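So the structure is just underneath, and the comments pick up after that.
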Amino acid sequence: MNRKHLLTSLIASGLVVPALAAADWTLYGRAHLSADILDDGADYNEFNVSSKSSRLGFKGEREFREQLVGMFQIEQQVDFDTDDDKELGFATRDTFVGLRGDQWGMLRVGKFDTPFKRARGPANFFGDQVGDMRNLTRTNAHGRYDERFNNSIHYQTPSFGGLTWNIQYSNETSDATTGDGAENKAYSTSLNLSMGDLTGALAYEKQENGANDPDAWRLAVGYRITPAFRVGAFYQNSEVDNTRTVGGNLVTPDIEADVYGLGGQFRLTPSMYLNGHVFQLDSDLDDADATMYALGLEYRLDSDLRFYGNIAMVDNDDTSALTPWGAARSARPGGTEGENATALSIGMRYDF
C-alpha cells in the first residue's frame, strides 16, 4: 500500500483529521536493529538484540502564500525488539509546528534536536551504532549534551552563501509547566556551513538545571577529498559546576573535559563503504580519561536499506566506566571502572 492509499485509508477510518489531506503529507519511519556481542571487560559478556533510534512519524506542509509555508511533524520512538514503548507517551522524538520561507528562514515550536546536537553531523560516521561519538561527548560526569528539549522555540536564518545560523531557547526543558524560578532553562546555537565538498558547524549550549549547569561548545568539520573519500574532525570543550564524589574523588566546581577525534569514510565499491574513527576524552577528573575506536563495513543495497558490521572499543582509565554502546539503543548494559569495553555488531537499517 503506497502512502497516498494509506492516507486515504486512515482518513476513512477516522484516524487522521480530514484537513490533513489538504497538506503535502508523508508517513515515514526507520527500523534500525542489530545483533551484538557486548563485553565490559569484567563479568559481563553477552549476546544482545537492540533497536537503535527506530521511529515512526508523519509530517506535512502547506503553502498558504508566497514565502509562508506551514509545516508540522509528529515522531515517535519505536523499539522493534521489545514492548517497552507501551508505557511511553506519543510524540517522544522531534515533534513541532512552524512556518518557513526561503527569504526569511524558519521558525518552529515544539520538542526537537538542539542545534548543538545536530552540529556533530559533519564528523558523525557511526551515528546510532556502536562506536557513536555520543558515548564520549554525553556523560553523567561531564554533562548530558546531545539532547532534545521540551518547550523549545527555534529560529533558523536563510542560507547566506552556504552559511546558516540556528538559535533555540527552552523555557522549561523537562516539565510541561515552567517551574518556580525557571531553573530548567536551556540555550543552544550553531553556525553551519555547507559549501560543496566542505561542511562544518560551530555550536554552543548552556543548560541551567539548578544542579551542575553544564555548558559546552563544539566544532565539527567534514571534507570530501575525492568522490570516494571523506574525512571529518571534531572537538568539544565542556564544563560543569558540581561538587560530589565520583570514583572516590571529591569533585570540585568547574570540571572541564575535552573530546576530540578524527574519522573517515572510504567507498570501496559503489555499494560498499569502510568507516573508521578514533575519539579521545580528556577529563579534569583523576584517572577518568577514555579512548574510543570504531571500525565498520557498510553495504548499501540502496539509499533506504543498508547492512553493516562494526567493531568498537573504549579504553578506560581507572575511574572511567564508559562503553562504546551506551547511546541510542534499547540494550545498554553498564561498563566497569578501569576495564576496556568492546562490542561486535551486525546491523540493518531500513528507512521507509
Kindly state, to the nearest 0.05, the FRET efficiency for ILE225 paired with SER194, given R0 = 22 Å and r defined as their beta-carbon distance. 0.85
What's the carbon and sulfur percent of the chain's accessible surface, probe 1.4 angstrom, rounded to a whole number? 54 percent
Compute the long axis of helix 3-12 from its Cα atoms, compare it with the longest principal axis of the Cα atoms of the chain, and write down the angle in degrees, 0 to 90, nearest 10. 70 degrees
Tell me the per residue accessible area of the chain using a 1.4 Å probe; a whole number in Å² is fine. 49 Å²
For the range 29-173, diffusion coefficient by Stokes-Einstein and Kirkwood Rh (Cα), 4 °C, 1.567 mPa s, µm²/s: 73 µm²/s
To the nearest 20 debye, what is the magnitude of the charge dipole of the range 148-284 about its Cα centre, counting +1 on the Cβ of each Lys and Arg and -1 on the Cβ of each Asp and Glu? 960 debye
Pop a pseudo-label 7 angstrom from the Cα along the beta-carbon direction at both ILE153 and ASP24 and give the gap in nm to one decimal. 2.8 nm
Assigned charges on the beta-carbon of Lys, Arg, Asp, Glu; the chain dipole about Cα centre (debye): 2080 debye
Tell me, what is the percent relative contact order of the chain, built from C-alpha pairs under 8 Å that lie six or more residues apart? 15 percent
Those aspartates and glutamates that a straight Cα-Cα span of less than 15 Å connects to LYS206, excepting residues fewer than 8 apart in one chain: ASP113, ASP146, GLU147, GLU172, GLU183, ASP215, GLU239, ASP241, ASP254, GLU256
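The values are calculated or read from the model by the stated rules, or taken from the named source; none is laboratory data. Treat the numbers as computed from the prediction; the structure is a model and nothing was measured. Counting neighbours? That spans all protein chains shown, and the Cβs are built from the backbone with ideal geometry, glycine included. We work out accessible area using only protein heavy atoms, side chains counted, and drop any ligands, DNA or RNA first. Shrake-Rupley method; radii C 1.70, N 1.55, O 1.52, S 1.80 Å.
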